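Below is one structure, written out as structure tokens, with a few remarks after it.
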Amino acid sequence: MGTEITGAEIVVQSLIDLGVEVVFGYPGGAVLPIYDALFQQNRIRHILVRHEQAAVHAAEGYARASGKVGVVLVTSGPGATNAVTGITDALMDSIPLVVITGQVPTHLIGTDAFQECDTVGITRHCSKHNYLVKDTARLGPVLHEAFYIARSGRPGPVVIDIPKDVQIFKARYDKPGVIAHKTYKPQVKGDLASIEAAVDMLAAAERPILYTGGGIINSGPVASQLLRELAKACGAPVTSTLMGLGCFPAEHPQFLGMLGMHGSYEANMAMNQCDLMLCLGARFDDRVTGRLDAFSPGSRKIHVDIDRSSFNKTVRVDLAIQGDVGSVMEDMLKVWRARGHRAADQTSWWNAIAGWRARNSFGFEQKGEALLPQKAIQRLYELTKAKKPIITTEVGQHQMWAAQHFGFHDPNKWLTSGGLGTMGYGLPAAIGAQLAYPGALVIDIAGEASIQMNIQELGTAIQYRLPVKIFIINNEYMGMVRQWQELNHGSRYSESYSDALPDFVKLAEAYGWKGVVIEGPDDLDAGIQAMLDHPGPVLVDCRVAKLANCFPMIPSGAAHTDMILSAADEVGPADDDAKALV
Amino acid sequence: MKHLPSERHTLSILVDNEAGVLARIVGLFSARGYNIESLTVADVSDDHAVSRITVVTNGPPPVIDQIMAQLDRLVPVHKVIDLTDWGPHVEREMALVKVAGTGDKRVEALRLADIFRARPVDTSTTSFVFEVSGSTEKVNQFIALMREVGLVEVARTGVVAIARGAEAV
């Protein structure tokens, strides 16, 4: 028998053995033994957030920027329930996390003890998997298995709930060898016959399109490289979901921009008119498809996904290939080259695309005194692109404008809450990304409403000397809510005005940040430059036109061909079916 | 795809016999709006490591496919088999049926039970509890007949099912 160590020490030693460098957390009664074990080592850095939700978003930001598993440590009861939004966010966006929660001691479970909640019950359906560990000897194997599950297959959050007595009791810990799960073995390699069929379909297509998504980012940087090779080989246009931005260079001539509700006209029209759609690591989300019965009616569809349940969930496809999208693209390229394929003549296809592009659907005209939000983001991009920044966002209009007007050229540079749409995501995610890349320029493009949902994290950035930048697109409205109220509810702006806003500059200064205000178009470049010139964290309050709408837009329940390109387009009143959609 | 006709499917799900696994399965059905007609679960392995869950569900074929895929990606699920698609299989359920009455009704209840090979497992001077097993239809029929002779209450197991032939699924 080797020496026995406490459960808390097993937790910390397992994290060290798993290569964990950073843990985001907040202490409390039910995790004190683990915090004590953390105190007595110097391999793992603990980042103290100001709210548990932010711990999870910070871990997400860290995971998305670095490709590693993000780790969270919180206490029982409110610690766990505060983490639920972040856990759900990670599930929706397939982000690998391990969330360790303290629990009341085993003999008190079920007695409504102080700070008790049914953490495994609450997180069962918002995590990829979860555990309640009742035996100290199981802690080591469970932690190692949890990391394997979090990062294998379709990544996701795994919750480990550890009662306090289990942290105190002793057991033997051995570093395990290769970690696997007895039954959970996701399929990585795609079926070769299906891949060959897919390549032949792609080679024969006259109007092909590559519809790419976050699966390519999750697969690792090699997958983004393979996508570039595949696009070059087949000559097809490439569009991307919100989650996939960066997997293909924004300024590449084959790139059509983001698709979907606030995507480009050319991307949506090309999706509608293509004869072959190759979906790579995307999931036909409702933001992307618009009205389902009008979605790309004339195309044959190939879907590559690591998660079998993504196939035929909302859109029927002709060929489904289960596997890691990077591995499948690699095999597709091998087959393409082995068969000596040349792309079919796509001249008329590219002519059609050129016509749609000419509509300049992301275009805007900056005139008058009010700064257009699109202009602000465009200049932010121009002035920072040489530094290859990591951009995070909150949720709303500013997020869509950032997706439209900020160009991404590499994966893992764009961190946004896509599936769950969590306001308050951006600042903690930026903190996590900055910890992964201390020398990088990390900017949270925010809205004045969203930023207030986790504003307390200004303190975290100061404590750890993280030079995070926040760029608030301040239009004094929950802009996307206001836009929908304008379009669907007779411009009755019910509770969407951001009243009683703080003086953001003073607020920043109160926390030890630098504050900068941009009042209008004339201050814009100087304000951005002041932000870049300051070595520490900077909050920029960028005042923009209050009532600008985010266009183009596919209204809820409408087809790709029914895009509103600008405010000048006639918009009829929405019917009740459309109003019922989100 | 919502407008396709609904089909009844019997699924066998082999899962780790661990705390919370049933809640995971049932929660998946309720969270995604799938139907459960019946559900049975018991430990079926020598080492108590594996439980077998039998779920009878209904929905259009694409929804059944989704149910299979969603179940299959749960970490503690070893295997999901759609026995309805698999082919020949046996489905049985058992019911305990309590009937009260005297005189002719009591005699008639016994006679009907005999026809259905239902066994009295509890008898008093004014009541019987019958144990009946067979297909869902047979159990339904028996219960319907018992209504006319003094049905009091029913407890049913729900369907258990297994493929025919020598092979394990």
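So the values come out like this:
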read-out: Test set (1) over 27 Å from the mean Cα position of the chain (by Cα); (2) part of a loop (DSSP other than H, G, I, E, B) - A:Ile195 fails condition number; value: (2)
read-out: Residue pairs meeting the criteria (Cβ under 6 Å; at least 6 apart or on separate chains; first at positive phi and modelled with pLDDT of 80 or more, in the range A:557-582; second surrounded by 15 or more Cβ atoms within 10 Å (Cβ to Cβ) and assigned to a helix (DSSP H, G or I)); value: A:Gly557/A:Ala578
read-out: A:Gln463 surrounded by fewer than 21 Cβ atoms within 10 Å (Cβ to Cβ) and either in the same structural domain as A:Lys385 (by TED's automatic domain parsing) or out of contact with any Leu (no Cβ under 8 Å at 6 or more places or on another chain) (or both); value: yes
read-out: Residues of the range B:35-89 satisfying the condition of being at the interface with chain A (Cβ under 9 Å from one of its Cβ atoms) and over 28 Å from A:Ala150 (Cβ atoms); value: B:Pro62
read-out: Near pairs, Cβ below 7 angstrom, 6+ apart or cross-chain, from the range A:130-155 (farther than 17 Å from B:Arg24 by Cβ and within 10 Å of another protein chain (Cβ to nearest Cβ)) to any residue that is among the polar types (S, T, N, Q) and in a helix (DSSP H, G or I); value: A:Lys134/A:Thr106
read-out: Any hit, the range A:210-217, residues being within 14 Å of another protein chain (Cβ to nearest Cβ), crowded, with 23+ Cβ neighbours inside 10 Å, within 24 Å of the chain's Cα centre (by Cα) and of a type outside the set (Ser, Thr, Tyr); value: no
read-out: Selected residue (only one of A:Leu242, A:Leu227 is within 19 Å of A:Ser310 (Cα to Cα) and buried (at least 23 other Cβ atoms within 10 Å of the Cβ)); value: A:Leu242
read-out: Test result for B:Asp104, free of Cβ contacts under 8 Å to residues at least 24 places away in the same chain and either over 27 Å from B:Val129 (Cα atoms) or within 14 Å of chain A (Cβ to nearest Cβ) (or both); value: no
read-out: Residue that is surrounded by the fewest Cβ atoms within 10 Å (Cβ to Cβ), among those in the range A:361-382 that are over 18 Å from A:Arg543 (Cβ atoms) and in contact (Cβ under 8 Å) with a residue 60 or more places away in the chain; value: A:Phe362
read-out: Meets criteria (more than 14 Å from every other protein chain (Cβ to nearest Cβ) and either part of a strand (DSSP E or B) or among the charged types (D, E, K, R) (or both)) for B:Leu11; value: yes
read-out: Lone qualifier among B:Leu96, B:Leu110 - being at pLDDT 95 or above, assigned to a strand (DSSP E or B) and not assigned by TED's automatic domain parsing to the domain that holds B:Ser51; value: B:Leu96
read-out: Complete set of residues in the range B:16-29 that are within 9 Å of chain A (Cβ to nearest Cβ) and not in a loop (DSSP other than H, G, I, E, B); value: B:Asp16, B:Ala23, B:Arg24, B:Gly27, B:Leu28
read-out: Checklist (1) of a type outside the set (Phe, Trp, Tyr); (2) surrounded by 21 or more Cβ atoms within 10 Å (Cβ to Cβ); (3) at pLDDT below 95 applied to A:Gly281, failing item; value: (3)
read-out: Matching residues in the range A:290-314 - criterion: being within 14 Å of chain B (Cβ to nearest Cβ) and within 24 Å of A:Ser224 (Cβ to Cβ); value: A:His303, A:Asp305, A:Ile306, A:Asp307, A:Arg308, A:Ser310, A:Phe311
read-out: Among (1) within 12 Å of chain A (Cβ to nearest Cβ); (2) among the charged types (D, E, K, R); (3) touching a strand residue (DSSP E or B) at 6+ places or on another chain (Cβ under 9 Å), the one test that B:Arg32 misses; value: (3)
read-out: Boolean, A:Asp165 is at pLDDT below 95, more than 14 Å from chain B (Cβ to nearest Cβ) and under 30 Å from B:Glu18 (Cα atoms); value: no
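The values are calculated or read from the model by the stated rules, or taken from the named source; none is laboratory data. Everything numeric in this text was worked out from a predicted model, so none of it was measured. In this analysis, Cβ positions are derived from the backbone assuming ideal geometry, glycine residues included, and neighbour counts consider all displayed protein chains.
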